[in-house]
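J.: I'd like to ask some things about the structure below.
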Amino acid sequence: MTNFTPSAADKFSFGLWTVGNVGRDPFGEPVRAPISPVEIVHMLAEVGAWGVNFHDNDLVPIDATPQQRDKIVADFKKALDETGVVVPMATTNLFTDPAFRDGAFTSNDPDVRAYALQKTMNAIDLGAELGAETYVFWGGREGTETDAAKNPLDALKWFREALNFLSEYVMDHGYGLRFALEAKPNEPRGDIFPSTTGHMLAFIETLDHPEMVGVNPEMAHEHMAGLNFMHAVAQAYDAGKLFHIDLNDQNFARYDQDFRFGSHNIKQAFFLVKFLEDVGYDNPRHFDAHAYRTSDYEDVKAFARGCMRSYLVLKEKARQFREDKEIQALLAEIHGGESQVSKYSAEAAAQLKARQFDRVELGNRGKPYERLDQLVVDLILGVR
Ligand code: GCO
Ligand code: MN
Ligand code: MN
């Protein structure tokens, strides 16, 4: 039995914007005083996290002078060195500044699109300088409220051009970064594109350098779209594109709640963790969540510890699932032997056409999924 203490091997990371979230919402002012990136790194070390991620402007304010930038980066590096916290991922803020009111790479304004590229190149330099290996693209305002304003084909073309440009930029500089595209269906735009992980996976294949581009699926975002997150993650993994993951929690059919991982849909969180552990996922496990607005910073630490603890508890449950004799016996029964058809040949097709099936008997075969699922529920609830 483990004590659920996080270790570097778990690759648990948090964004500066997550534990540093000051609790502003559309209806209310901040409830927590801002804390510096250096303080956040120390807090993350204290709770046992492995990595810290940032948007360019989480670390360096958008209007900082080059001298201010250098001082901030030096202080941040010192905190990383002192604590051993690493920077696995970096990204660009392409949504806060009013310049991005109509999006960044997909703004209808070509000057804004060019500015977004310039800002991202600078942010990539910053990320690479701090050791990031993954660069996330979340299109915060890439979208519309009215389809009268923007043609999605133009938006896709502009987004593609931007990613192609930036891929070459990364290669040209020998940065070795991989891109991870993060989808979200809406908020803050009425509709954001591409809207789900599935859309992103299809889009990646249209790029000039698809091999360096994967996805960063987020649990809350797929839940906002009413989808099964684990299925999206599995499809990304199957495509060799699961470069990064944003873990949090969320009720269905709500705004982006960004709750503590494992706090709401425990069963879905279990199947997700089980999937990641079963396949041996080895990229960062990033908690893109924030503490309740009611929390003070002590409670923010409880939030961060809780994200990691729930992951590790569910990992232990996944191990129990694998070792549970009754569950495994049921699974063996359910899976019913080897596939009988795999590769096409004229002979295999002819044989299959000639075979007699007892359709009625096939239809009478029940599956003990209720029994199986209750065993899983008992396991998750801790009574097995
Ligand atoms: C959101 C997103 C962001 C991104 C972040 C990194 O809904 O606000 O999830 O938190 O993950 O910008 O790209
Ligand atoms: Mn989100
Ligand atoms: Mn996210």
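J.: Any residue in region 267-279 that is open to solvent by 30 Å² or more (accessible area, probe 1.4 Å) and either under 13 Å from the mean Cα position of the chain (by Cα) or not assigned by TED's automatic domain parsing to the domain that holds TYR135 (or both)? Full working, then the answer.
T.: Going through region 267-279, the residues open to solvent by 30 Å² or more (accessible area, probe 1.4 Å) turn out to be 267-268, 271, 274-275, 277-279.
Applying the additional criterion that residues be either under 13 Å from the mean Cα position of the chain (by Cα) or not assigned by TED's automatic domain parsing to the domain that holds TYR135 (or both) yields none.
No: region 267-279 contains no residue that is open to solvent by 30 Å² or more (accessible area, probe 1.4 Å) and either under 13 Å from the mean Cα position of the chain (by Cα) or not assigned by TED's automatic domain parsing to the domain that holds TYR135 (or both).
J.: Got a sec? Which of MET224, MET230, MET219 is buried (at least 16 other Cβ atoms within 10 Å of the Cβ), aliphatic (A, V, I, L, M), assigned by TED's automatic domain parsing to the domain that holds ILE40 and away from ligand 3 (no atom under 16 Å from the Cβ)? If you could, list the steps in order and put the result at the bottom.
T.: On the way: MET224 fails: away from ligand 3 (no atom under 16 Å from the Cβ); MET219 fails: away from ligand 3 (no atom under 16 Å from the Cβ).
After applying the criteria, what remains is MET230.
J.: Considering only residues that are more than 18 Å from ARG113 (Cβ to Cβ) and within 13 Å of ligand 1 (Cβ to nearest atom), look in region 123-144 and name the one that is surrounded by the most Cβ atoms within 10 Å (Cβ to Cβ). Before you say what the answer is, go through the steps one by one.
T.: Let us first name the residues in region 123-144 that are more than 18 Å from ARG113 (Cβ to Cβ), namely 125-136.
In the following step, the residues that additionally are within 13 Å of ligand 1 (Cβ to nearest atom) were identified as 127, 132, 134-136.
Numbers: GLY127: 28, ALA132: 24, THR134: 22, TYR135: 26, VAL136: 25.
The qualifying residue surrounded by the most Cβ atoms within 10 Å (Cβ to Cβ) is GLY127.
J.: Here are some residues: THR206, THR146. Which one is more than 16 Å from ligand 3 (Cβ to nearest atom), of a type outside the set (A, V, I, L, M, F, W, C), more than 30 Å from GLN257 (Cα to Cα) and at pLDDT 95 or above? Talk me through it step by step, then tell me what you get.
T.: On the way: THR146 fails: more than 30 Å from GLN257 (Cα to Cα).
Result of the check over THR206, THR146: THR206.
J.: Would you tally the residues in region 155-178 being open to solvent by 60 Å² or more (accessible area, probe 1.4 Å) and part of a helix (DSSP H, G or I)?
T.: Of the residues in region 155-178, 7 are open to solvent by 60 Å² or more (accessible area, probe 1.4 Å) and part of a helix (DSSP H, G or I).
J.: Can you tell me how many residues in region 185-204 are in a strand (DSSP E or B) and open to solvent by less than 60 Å² (accessible area, probe 1.4 Å)?
T.: The first filter runs over region 185-204 and keeps only residues in a strand (DSSP E or B), leaving 191-192.
Next, from what is left, pick out any that are open to solvent by less than 60 Å² (accessible area, probe 1.4 Å): 192.
Number of matching residues: 1.
J.: Then there's this: For region 304-324, state whether one or more residues are in a helix (DSSP H, G or I), among the hydroxyl-bearing types (Ser, Thr, Tyr) and in contact with a Phe, Trp or Tyr (Cβ under 9 Å, 6 or more places away or on another chain). Break it down into steps so the answer makes sense when it comes.
T.: From region 304-324, those in a helix (DSSP H, G or I) are 304-323; that's our starting set.
Narrowing further to those that are among the hydroxyl-bearing types (Ser, Thr, Tyr): 310-311.
Checking the rest, the ones that are also in contact with a Phe, Trp or Tyr (Cβ under 9 Å, 6 or more places away or on another chain) come to 310-311.
Taking every residue of region 304-324 in turn, at least one turns out to be in a helix (DSSP H, G or I), among the hydroxyl-bearing types (Ser, Thr, Tyr) and in contact with a Phe, Trp or Tyr (Cβ under 9 Å, 6 or more places away or on another chain).
J.: Only one residue in THR91, THR96 is within 16 Å of ligand 3 (Cβ to nearest atom), touching a Phe, Trp or Tyr at 6+ places or on another chain (Cβ under 7 Å) and among the β-branched types (Val, Ile, Thr). Which one? If you could, list the steps in order and put the result at the bottom.
T.: Values: THR96 fails: touching a Phe, Trp or Tyr at 6+ places or on another chain (Cβ under 7 Å).
The match here is THR91.
J.: A further question on this structure: I'd like to know if region 188-206 contains one or more residues that are over 29 Å from THR146 (Cβ atoms) and either under 13 Å from the mean Cα position of the chain (by Cα) or outside the structural domain of TYR311 (by TED's automatic domain parsing) (or both).
T.: Looking for residues that are over 29 Å from THR146 (Cβ atoms) and either under 13 Å from the mean Cα position of the chain (by Cα) or outside the structural domain of TYR311 (by TED's automatic domain parsing) (or both), one finds none in region 188-206, hence no.
J.: Can you tell me which residue within region 69-98, out of those that are of a type in the set (A, V, I, L, M, F, W, C), in contact with a helix residue (DSSP H, G or I) (Cβ under 9 Å, 6 or more places away or on another chain) and within 16 Å of ligand 1 (Cβ to nearest atom), is nearest to PRO37 (Cα to Cα)? Give the steps one after another, and end with the answer.
T.: The first filter runs over region 69-98 and keeps only residues of a type in the set (A, V, I, L, M, F, W, C), leaving 72-74, 76, 79-80, 85-87, 89-90, 94-95.
From what is left, the residues that are in contact with a helix residue (DSSP H, G or I) (Cβ under 9 Å, 6 or more places away or on another chain) are 72-73, 76, 79-80, 85-87, 89-90, 94.
Subsequent filtering for residues that are within 16 Å of ligand 1 (Cβ to nearest atom) retains 87, 89-90, 94.
On the way: VAL87: 12, MET89: 15, ALA90: 14, LEU94: 19 Å.
Filtering region 69-98 for residues that are of a type in the set (A, V, I, L, M, F, W, C), in contact with a helix residue (DSSP H, G or I) (Cβ under 9 Å, 6 or more places away or on another chain) and within 16 Å of ligand 1 (Cβ to nearest atom), the one nearest to PRO37 (Cα to Cα) comes out as VAL87.
J.: Another question about this same structure. Which of the residues belonging to region 1-18 are touching a strand residue (DSSP E or B) at 6+ places or on another chain (Cβ under 6 Å) and either open to solvent by 60 Å² or more (accessible area, probe 1.4 Å) or among the aromatic types (Phe, Trp, Tyr) (or both)? Don't jump to the end; show me each part of the working.
T.: Initial filter on region 1-18 (touching a strand residue (DSSP E or B) at 6+ places or on another chain (Cβ under 6 Å)): 6, 11-16.
Once the filter is applied, which keeps residues that are touching a strand residue (DSSP E or B) at 6+ places or on another chain (Cβ under 6 Å) and either open to solvent by 60 Å² or more (accessible area, probe 1.4 Å) or among the aromatic types (Phe, Trp, Tyr) (or both), region 1-18 yields PHE12, PHE14.
J.: Please verify whether region 45-61 includes one or more residues that are part of a loop (DSSP other than H, G, I, E, B), within 30 Å of GLU161 (Cβ to Cβ), open to solvent by 50 Å² or more (accessible area, probe 1.4 Å) and not basic (Lys, Arg). Let's see the steps before the verdict.
T.: Going residue by residue through region 45-61, those that are part of a loop (DSSP other than H, G, I, E, B) are 48-50, 60-61.
When the remaining residues are screened for being within 30 Å of GLU161 (Cβ to Cβ), the result is 60-61.
Retained after the next criterion (residues that are open to solvent by 50 Å² or more (accessible area, probe 1.4 Å)): 61.
Still in the running and not basic (Lys, Arg): 61.
Among the residues of region 45-61, at least one is part of a loop (DSSP other than H, G, I, E, B), within 30 Å of GLU161 (Cβ to Cβ), open to solvent by 50 Å² or more (accessible area, probe 1.4 Å) and not basic (Lys, Arg), which makes the answer yes.
J.: I would also like to ask the following. Residue pairs, Cβ under 8 Å, 6 or more apart or interchain, first in region 1-20 and at negative phi, second of a type in the set (Ser, Thr, Tyr) and assigned to a helix (DSSP H, G or I). List them.
T.: Short answer, once both residue conditions are applied: ASP10/TYR311; PHE12/TYR311.
J.: A further question follows. Please indicate, with yes or no, whether at least one residue in region 232-242 is out of contact with any Pro (no Cβ under 9 Å at 6 or more places or on another chain), within 16 Å of ligand 2 (Cβ to nearest atom) and at pLDDT 95 or above.
T.: The answer is no; no qualifying residue exists.
J.: Would you mind stating whether GLU298 is open to solvent by 20 Å² or more (accessible area, probe 1.4 Å), among the acidic types (Asp, Glu), without any contact (Cβ under 8 Å) to a residue 12 or more places away in the chain and more than 16 Å from ligand 3 (Cβ to nearest atom)? Let's see the steps before the verdict.
T.: Details: open to solvent by 20 Å² or more (accessible area, probe 1.4 Å): yes; among the acidic types (Asp, Glu): yes; without any contact (Cβ under 8 Å) to a residue 12 or more places away in the chain: yes; more than 16 Å from ligand 3 (Cβ to nearest atom): yes.
Spelling it out, GLU298 is indeed open to solvent by 20 Å² or more (accessible area, probe 1.4 Å), among the acidic types (Asp, Glu), without any contact (Cβ under 8 Å) to a residue 12 or more places away in the chain and more than 16 Å from ligand 3 (Cβ to nearest atom).
The values are calculated or read from the model by the stated rules, or taken from the named source; none is laboratory data. Everything numeric here is computed off the predicted structure, so don't read it as measured data. As a convention, Cβ positions derive from the backbone with ideal geometry for all residues, glycine included, and neighbour counts pool all protein chains shown. Calculation scope for accessible area: heavy atoms of the full protein, side chains included, ligands and nucleic acids excluded. Shrake-Rupley method; radii C 1.70, N 1.55, O 1.52, S 1.80 Å.
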